[in-house]
Every structure is written in structure tokens, then in C-alpha cells.
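Accompanying notes for the structure given below.
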Amino acid sequence: MGDVQRLFADVAALLPDMRRNAASLDRNAGFPWDDMEALRRCGVLVATLPCRVGGLGLGQELFDLLRLIGSANLAVGRLIEGHVNALWLIWRYGTDAQLARAAGDAALGHLFGIWNTEEPPGVHLQDGALSGKKINCSAAVAATRAVITVGHPDEARMLMVTLAPDMSAGAMPGRLLGMRATQAGWIDFRGYRPDAEDWIGQAGDYMREPEFSAGAWRTLAALTGGIGTLGEMLREQLRARGRDGAPWQAERIAQSLIAEQTAWLWSRECARLVATDASAAAMTGYVNLARRAVEMAGLTMLELVQRSLGLSAFVEGNPAERQMRDLATYLRQPAMDEALAEAAAHFVGHAMPSSL
Ligand SMILES: Cc1cc2nc3c(=O)[nH]c(=O)nc-3n(C[C@H](O)[C@H](O)[C@H](O)COP(=O)(O)OP(=O)(O)OC[C@H]3O[C@@H](n4cnc5c(N)ncnc54)[C@H](O)[C@@H]3O)c2cc1C
């Protein structure tokens, strides 16, 4: 068995436990320490890194990896997606020495966050020290490394930070409806003094296209897994209650399969497209369309589950209730409408890349 095949076999073996753990993590707002440790042991934390620094150089296979993990627990899917994103940015824009350092840290089990969202006026550098707060940070209390953006959004520079237990951090003031196990919180970087070798790339690299927009395909992969799981729950529960035979339920079962397949086709095509030599505008435009397509598929699935299972889907303890909250929350991604408008502006005069 090859290394990539072994990785997939090992991850597949973890999924039933991850699914089981999801309920108690949500109830107790716990962080998925056990799941993350199990994934680390399989090699997931380094799998996307190039082979020369100890990774497996996963390419399009990452689509299935994120989809599988997202199918077991969307919160864990988000954490791994963030970790992979941070490492990828270091690989893409950092020096060889920075990549080697990050790879070494990941191999030791350090979880990376990618934290861009901030409380106004944002995180800035002045006289060698940072000021400002990052918010909505997944794994705020669990990540020991992160890539953060510093400076005005248009010309922000990425910084690799080391999180110490004594840093000023905490939970967001209001409890999130779903994705609670990501333990999103805030971190106050006031007084943090970066070293010269911690700065990644140049000002503006974080927002550079097509990477900035097209990178959303990884989130879509994890979401696709979660949409599929909700569809499975819908069908399982209808069967268990002997309600799957009614023609209106059969129609909704069919619609749920269409929603799952729609998400899968769009997001898998994004994973394929970003590895081609399509133009930056085509790539970002296509992924922007896919974001809306997957959002629509997810919202459709939520409606189908509510209509098909009725009130039972709103009872705590029903796994579909938690899955709906996680999915509804994770679907809220930034600037969805702006992304759609940009895609329309491009494709009104250009062919879709998938039809070339
Ligand atoms: C599970 C989860 C984990 C996350 N983890 C992280 C993390 O680790 N790091 C991080 O940096 N962030 C993280 N985020 C936060 C994320 O990056 C965004 O802040 C968040 O997803 C934005 O969602 P939103 O619906 O509020 O988007 P918005 O972009 O605010 O969109 C909401 C609505 O407002 C509209 N809108 C937006 N801008 C304007 C405008 N200027 N004028 C008029 N209308 C406007 C949109 O069209 C949309 O209708 C996470 C989010 C989630 C859901």
C-alpha cells in the first residue's frame, strides 16, 4: 500500500469514532483533542506538505481528505482546513527555511490557525510590537502556531506567530449556534514582538489572486462532506420511522441526493481546476460560483431535513439537529454576494472553464 493510500485507510478507520465524539463535543463545547491527536498520528497534519520536508505532497487528494473529515465532524474539518491553509501560505509565500520550520512544528503536532478577521482597527505593527485583536479565530485556545495578517487589509503582511499559554485570549462573547467544537475565540496580540524571520512573503500576498479566492475550494470540500452526512441522516431516519415510502418523502429523498451531488460536483471540479493552468480570473470566478452553488445545496438540504423529519429534527440529541446547526453556521462564509458579483462580471464575457 502506498503512503497516500495508507493515510486514507487510517483516516477512514477513525471516522466512526469522530462521528460519535461529535455529539459530546458539541454539548460540552469541548475541543476535539482526541480526534486531532488521532489525525496527527495518521500524518494528516503534514500530509499536504511537499515530500522534501516530510509531507506526502497531497494534491487533488486533499479534496477527498477534507470531505471525509468534514463528513464525520464539520468542526474538525474546519480545523484541519485552517491548518492546511496556513501551511500552504507558508509554502507558497515563505522561504525554504520558514517552510522547513513550519513542517518541523507540524510534525511535532503543532496545530496551525489562520487568523485574518479582526476587531477594528485591526492588528498593526508599531515600534516593533503588535497591537490589536483577532476575532472568530478557530482553535483560539488550542492552536500553538498561526499565520495572522498584520496591517491594512489591502496591504496586509502575513506573520507566523507562536502562541504561548499566557497570551491574552478568550471565547467570543456570544455562543455560536454551531461549529462549537472549533472553539472560536479572540486573541489580543498587544505587545507581541515578531522576529524578522517570522514575516511571510510581501505586503499584499495574503489577498493575492487567484490563491486568495480560489483557496475557498478547501472549505467547499469540507462542507460537501457535511452536506452528505446530513443527507444520510435524513434517509436513515425516514427509513427507521417507516416514512420513506410516501411519495412526498421519496421526492425529498431524491432532492437531497441532487443537493449532495451538486455540492460534490462543483467542489470536486474546483479542486481539479485550481491544479490546471486556467487563468486566475477563470479560477477565481469558477470557485466564486461554486461557493454559491454549495451554499444553495446546503440550504436546500437544511430545508429538506426540516420538512421531512419535522419537529424531531429540532430535538436536542438527534444527530441531525447538531448537524443542521454546524452546517448552517459553517455555510456563513465572508463576502458571498461580492464573490458572486465578481464571477458574473467575469463570465458575462468569458466561457466557463469547465466547458472549454
Ligand atoms: C466555523 C467558522 C470558523 C471560522 N474561523 C475563522 C478563522 O479561523 N479565522 C478567521 O479569520 N475567520 C474565521 N471565521 C470568520 C470568517 O472568516 C468570516 O468572518 C465570517 O465567516 C463572515 O461571515 P458573514 O456571514 O458574517 O459574512 P459577511 O461578509 O459579513 O456577509 C454577511 C452579509 O453581509 C453582506 N455584506 C458584506 N459586506 C457588506 C457591505 N460592505 N455592505 C453591505 N453588505 C455587506 C453580505 O453580502 C452578506 O449578505 C470563521 C467563520 C466560521 C463560520
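The values are calculated or read from the model by the stated rules, or taken from the named source; none is laboratory data. Note that the structure is a prediction, hence the values are computed from the model and not measured. Quick reminder, even Gly has a Cβ in these numbers, built from the backbone with ideal geometry, and neighbours come from all protein chains shown.
Just to be sure I understand, how many residues within the range 343-356 are under 15 Å from VAL287 (Cβ atoms) and either touching a Pro at 6+ places or on another chain (Cβ under 9 Å) or assigned to a helix (DSSP H, G or I) (or both)?
As a first pass, look at the range 343-356 and keep what is under 15 Å from VAL287 (Cβ atoms): 343-347, 350, 352-354.
When the remaining residues are screened for being either touching a Pro at 6+ places or on another chain (Cβ under 9 Å) or assigned to a helix (DSSP H, G or I) (or both), the result is 343-347, 353-354.
Result for the range 343-356: 7.
Take GLY109 and decide whether it is within 12 Å of the ligand (Cβ to nearest atom), of a type in the set (Gly, Ala, Ser), surrounded by fewer than 21 Cβ atoms within 10 Å (Cβ to Cβ) and not in a strand (DSSP E or B). Steps first, answer last, please.
Working: within 12 Å of the ligand (Cβ to nearest atom): no; of a type in the set (Gly, Ala, Ser): yes; surrounded by fewer than 21 Cβ atoms within 10 Å (Cβ to Cβ): yes; not in a strand (DSSP E or B): yes.
It is false that GLY109 is within 12 Å of the ligand (Cβ to nearest atom), of a type in the set (Gly, Ala, Ser), surrounded by fewer than 21 Cβ atoms within 10 Å (Cβ to Cβ) and not in a strand (DSSP E or B).
Could you grab me the full set of residues in the range 298-342 that are within 16 Å of the ligand (Cβ to nearest atom), free of Cβ contacts under 8 Å to residues at least 40 places away in the same chain and either part of a helix (DSSP H, G or I) or buried (at least 18 other Cβ atoms within 10 Å of the Cβ) (or both)?
Passing the criteria: LEU299, ASP337, GLU338, ALA341.
Answer yes if at least one residue in the range 187-205 is in contact with a helix residue (DSSP H, G or I) (Cβ under 9 Å, 6 or more places away or on another chain) and within 13 Å of the ligand (Cβ to nearest atom), and no otherwise.
Among the residues of the range 187-205, not one is in contact with a helix residue (DSSP H, G or I) (Cβ under 9 Å, 6 or more places away or on another chain) and within 13 Å of the ligand (Cβ to nearest atom), which makes the answer no.
Can you tell which of VAL76, VAL44 is in contact with a Pro (Cβ under 7 Å, 6 or more places away or on another chain), over 21 Å from ASP198 (Cα atoms) and touching a residue at least 12 places away in the same chain (Cβ under 8 Å)?
On inspection, the qualifying residue turns out to be VAL76.
Please state which one of ALA12, ALA47, ALA75, ALA38 is part of a helix (DSSP H, G or I), crowded, with 20+ Cβ neighbours inside 10 Å and within 19 Å of the chain's Cα centre (by Cα).
Residue meeting the stated conditions: ALA75.
Determine which member of the set PRO120, PRO165 is at pLDDT 95 or above, more than 22 Å from LEU89 (Cβ to Cβ), surrounded by fewer than 13 Cβ atoms within 10 Å (Cβ to Cβ) and not assigned by TED's automatic domain parsing to the domain that holds ASP26. Full working, then the answer.
Details: PRO165 fails: at pLDDT 95 or above.
Matching residue, one of PRO120, PRO165: PRO120.
Which one of these is more than 19 Å from GLU81 (Cβ to Cβ) and within 12 Å of the ligand (Cβ to nearest atom): PRO173, PRO120, PRO153?
PRO153
Look at ARG78 and say whether it is basic (Lys, Arg) and within 19 Å of ALA216 (Cα to Cα).
It is true that ARG78 is basic (Lys, Arg) and within 19 Å of ALA216 (Cα to Cα).
Could you list, in sequence order, the residues of the range 232-256 that are part of a helix (DSSP H, G or I) and surrounded by 14 or more Cβ atoms within 10 Å (Cβ to Cβ)?
GLU232, MET233, LEU234, ARG235, GLN237, LEU238, GLN249, ARG252, ILE253, GLN255, SER256
Those residues that are under 13 Å from TRP115 (Cβ atoms) and of a type in the set (S, T, N, Q), I need them from the range 126-143; list them, please.
ASN136, SER138, listed by residue number.
If a residue has to be farther than 26 Å from LEU257 by Cα and hydroxyl-bearing (Ser, Thr, Tyr) to count, how many in the range 181-240 make the cut?
4
Which residues, taken from the range 151-201, are hydrophobic (A, V, I, L, M, F, W, C), without any contact (Cβ under 8 Å) to a residue 40 or more places away in the chain and more than 22 Å from ASP34 (Cα to Cα)?
Of everything in the range 151-201, those that are hydrophobic (A, V, I, L, M, F, W, C), without any contact (Cβ under 8 Å) to a residue 40 or more places away in the chain and more than 22 Å from ASP34 (Cα to Cα) turn out to be VAL161, MET167, ALA169, MET172, ALA196.
Only one of GLY59, GLY30, GLY55, GLY122 is assigned to a loop (DSSP other than H, G, I, E, B), on the phi > 0 side of the Ramachandran plot and either in contact with a Lys or Arg (Cβ under 6 Å, 6 or more places away or on another chain) or not hydrophobic (A, V, I, L, M, F, W, C) (or both). Can you tell me which? Let's see the steps before the verdict.
Working: GLY59 fails: on the phi > 0 side of the Ramachandran plot; GLY30 fails: on the phi > 0 side of the Ramachandran plot; GLY55 fails: on the phi > 0 side of the Ramachandran plot.
It is GLY122.
Please list, ordered by first then second residue, the pairs with beta carbon atoms under 7 Å, 6 or more apart or interchain, first in the range 258-276 and farther than 15 Å from GLY298 by Cβ and outside the structural domain of GLU61 (by TED's automatic domain parsing), second of a type in the set (S, T, N, Q) and in a helix (DSSP H, G or I).
From the range 258-276, the pairs are GLU269/SER354.
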